[in-house]
Amino acid sequence: MLNFFLRSLVLLIVVSSCTKGTFYQSSEAPLNGIWTYDVPLSFDFDIQDTLARYDFYLDVKHSTDYPFQNLYVKVITEHPQTPPQEDVVSLELANELGLWEGKCANEKCKIRIPLQTNARFNEIGPYALRFNQYTRTDTLKGVLELALSIQKK
């Protein structure tokens, strides 16, 4: 009976370690709902497994009076040993008719945007994703929160 219990426990540990789940989740909000060029929203996490695959999602919470159809962000990825990488990304918040995507209630909307799927990390150590607003105006109103979720496959 003890042998059966030990085998079951080992099997349970192996199966649970291979399942998909949330590896990292955190949110950041611009101060007083105003996001300026010089204040990044930052997410720091640590990678110990270079063989695993990950999916990245960004939840954007904004007010219904946000003035644009999309949100341009400069994403800076900081690696443990290699130079940072910069990308400019357009996050589409409304469709071509100007209707908000995602779910809206009480003058607030939230949309989940897939950033990257099936990603792998080449280095063990600390990583950071820094999101800088990159729109036509220095003081951007209406972005209430960014939430980064990394799902381990």
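Assorted remarks:
- Put a plus charge on the Cβ of each Lys and Arg, a minus charge on the Cβ of each Asp and Glu, and nothing anywhere else: the dipole of the range 47-117 about its Cα centre is then about 200 debye.
- Unit charges at the beta carbon, dipole of the chain: most positive-side option, Tyr57, Pro126, Pro40: Tyr57
- The Asn122 and Ser42 beta-carbon pair, evaluated with R₀ = 30 Å, returns a calculated FRET efficiency of approximately 0.90.
- Size of charge dipole - the chain - debye, nearest 20, with Cβ of Lys, Arg +1 and Asp, Glu -1, no other charges: 620 debye
- Pair Lys152, Glu86: separation of 7 Å Cα→Cβ label points (nm): 3.3 nm
- Other residues within the sphere of radius under 15 Å centred on the Cβ of Asp46, judged by their own Cβ, net out at -3 (K and R +1, D and E -1).
- Under 18 Å of direct C-alpha separation, and excluding same-chain neighbours fewer than eight residues apart, Lys152 reaches these aspartates and glutamates: Asp44, Asp46, Asp49, Asp55, Asp59, Glu123.
- In the chain, the longest principal axis of the Cα atoms and the axis of helix 2-18 are about 20 degrees apart.
- Rel. contact order, % - alpha carbon contacts under 8 angstrom, at least six apart, the chain: 44 percent
- Inter-probe distance in nm under a simple model that places probes 7 Å from Cα toward Cβ, at Arg53 and Lys141: 4.5 nm
- The alpha-carbon of Lys74 sits under 15 angstrom from the alpha-carbons of these aspartates and glutamates, leaving out residues fewer than 8 places away in its chain: Asp38, Glu86, Asp87, Glu92, Asp138.
Here, each number is a calculation from the coordinates, and none is a lab measurement. As the structure is a prediction and not an experimental result, all values here were calculated from the model. Heads up, the Cβs are rebuilt from the backbone with ideal geometry, glycines too, and the neighbour counts pull from every protein chain shown.
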